[in-house]
1. Quick one: which residue in LEU317, LEU273, LEU244 is part of a helix (DSSP H, G or I), more than 23 Å from the chain's Cα centre (by Cα) and at pLDDT 90 or above?
2. Which residues, counting only those in the stretch 89-102, are more than 18 Å from SER153 (Cα to Cα), among the hydrophobic types (A, V, I, L, M, F, W, C) and in contact (Cβ under 8 Å) with a residue 60 or more places away in the chain?
3. Considering only residues that are among the aliphatic types (A, V, I, L, M) and in a helix (DSSP H, G or I), which ones fall in the stretch 208-226?
4. Quick one: PHE91 ticks every box in (1) farther than 30 Å from PHE147 by Cβ; (2) surrounded by 14 or more Cβ atoms within 10 Å (Cβ to Cβ) bar one, so which box is it?
5. Among the listed residues LEU7, LEU37, LEU42, which satisfies the condition of being exposed (fewer than 14 other Cβ atoms within 10 Å of the Cβ) and either assigned to a helix (DSSP H, G or I) or not assigned by TED's automatic domain parsing to the domain that holds MET106 (or both)?
6. Taking into account only those residues within the stretch 346-373 that are in contact with a helix residue (DSSP H, G or I) (Cβ under 8 Å, 6 or more places away or on another chain) and surrounded by 15 or more Cβ atoms within 10 Å (Cβ to Cβ), which is nearest to ASN313 (Cα to Cα)?
7. Pull out all pairs, ordered by first then second residue, where Cβ-Cβ is under 7 Å, the residues are six or more apart or on different chains, the first lies in the stretch 121-133 and is closer than 14 Å to ARG67 by Cβ, and the second is among the hydrophobic types (A, V, I, L, M, F, W, C).
8. Restricting attention to the stretch 265-284, does a residue exist that is closer than 19 Å to ASN360 by Cβ and crowded, with 21+ Cβ neighbours inside 10 Å?
Amino acid sequence: MHFVLTLNAYIGTILIIILIFAEYVNRYTVDATQKKLFCSLLLVTFITCVTDFFCYLLDGNPGENERVFLYWSGFVFYIFRMFAYHNILLFADYVLIKDTKRLKYMSIAILAINVLHFALLLVNLKLPFYFYVDGAANTIHHGNQYFICMILSFGPMFYAICELLFFRKKFKEYKFLMVLILLSLLLLGVFTDLYIRFGMLILWPFVTAGLLYFYFSVIQNDNSIDSLTGISNRYSFNEFTDKLSQRKTGESWAIVMIDLDHFKSINDRFGHLEGDNALRDMASILKNCIRRNDFIARYGGDEFVLATRAENNIEDLISAAKKEADKLNEKNLRPYKIEISYGYDIYTADGSRPIEEFLNHIDALMYKQKEERRSERRRINDMRGEQVPAGETA
């Protein structure tokens, strides 16, 4: 019975990892770096689980061949288990911070640690201080200096946990929960590795649950991200407003509808690739202005939406967006200027007003301002005797 339960733990984990990898590797995702990190994590976890399974099967079986296979299974297991722990670190850090330059430096440091670990394993072939196989019983055991392996494996992880806990207020709540679940596996890993023989057997169901949780979170996140701009999409915004309107807590939010001016003209005069660049620039401008708990999304076409708590000064936020646009325009990176029209109001979640009616209201305010700016532009051009280029409107 014990063997059957053990077999279920290993085979179940292996099959789930294979199924997740097979589905995810061919799936389109906005964040290619995150995809590579997650696929790498799946691969090293798979190899770690398989070699740990071989160690379990071979442990205690008599025979010279069994002893040799057990030793080399353990050798590969120790290599890839450390890779797995460090892949969790890289993956968790990137999910929270999204900094490719930081990821590069961390990857170099992690690679150096793993090269050192591999060198120590080679030394272990002659001086079994890491682990050894008892020749009499054909069982695998930790060596006297196994704590070195523990430090190399878990030291960077403990540092990451401390850093994440210290800066947790800077991170989105759902992202922090995701990463905390993965990193909590570390603490369980330390305990099982120190005090339980074949402790990884206990750990594998938790690893599987963590990978599944993150996989579903990644899929949900991909479905809520606009593939062109990298910010939230209409679906995500609808979820946000639905939850806001259903709470009826009385909290108030300032919601802004923003339109990218001259978008049709940009497409017509410079092509759709430049039109895409304009949308990306607009998204980048908004991302540079928002606070941690603010929300931005591409609403559709050339329209964006921004939401912030009512106690924040929405005019300051809009002013900051205009300044960011001016800075970008001054660089003359594009053959056009980024200009915006907007409409906003305060929505109170008390059930007194349908959210659909409110969104139509701020949409109308945006188009009213757009028309006013268009009329003002025409008046100025008439005074100068100039003509608005064909297809260019506010």
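1. Working: LEU317 fails: at pLDDT 90 or above; LEU244 fails: at pLDDT 90 or above.
The conditions single out LEU273.
2. Residues of the stretch 89-102 that are more than 18 Å from SER153 (Cα to Cα), as a first pass: 94-102.
Restricting the remaining residues to those that are among the hydrophobic types (A, V, I, L, M, F, W, C) gives 95-97.
Scanning the stretch 89-102 gives VAL95, LEU96.
3. Our first condition is that a residue be among the aliphatic types (A, V, I, L, M); within the stretch 208-226, this holds for 209, 211-212, 218-219, 225.
ALA209, LEU211, LEU212, VAL218, ILE219 - these are the residues of the stretch 208-226 that are among the aliphatic types (A, V, I, L, M) and in a helix (DSSP H, G or I).
4. Answer for PHE91: the failing condition is (1).
5. On the way: LEU37 fails: exposed (fewer than 14 other Cβ atoms within 10 Å of the Cβ); LEU42 fails: exposed (fewer than 14 other Cβ atoms within 10 Å of the Cβ).
Selected residue: LEU7, the only one of LEU7, LEU37, LEU42 that is exposed (fewer than 14 other Cβ atoms within 10 Å of the Cβ) and either assigned to a helix (DSSP H, G or I) or not assigned by TED's automatic domain parsing to the domain that holds MET106 (or both).
6. TYR347
7. Note: pairs meeting the criteria are PHE131/ILE140; VAL133/LEU70; VAL133/ILE140.
8. If we filter the stretch 265-284 for residues that are closer than 19 Å to ASN360 by Cβ, which is where we start, we get none.
No, the stretch 265-284 contains no residue that is closer than 19 Å to ASN360 by Cβ and crowded, with 21+ Cβ neighbours inside 10 Å.
The values are calculated or read from the model by the stated rules, or taken from the named source; none is laboratory data. Everything numeric here is computed off the predicted structure, so don't read it as measured data. Every residue, glycine as well, gets a Cβ built from its backbone with ideal geometry; the counts of neighbours run over all protein chains shown.
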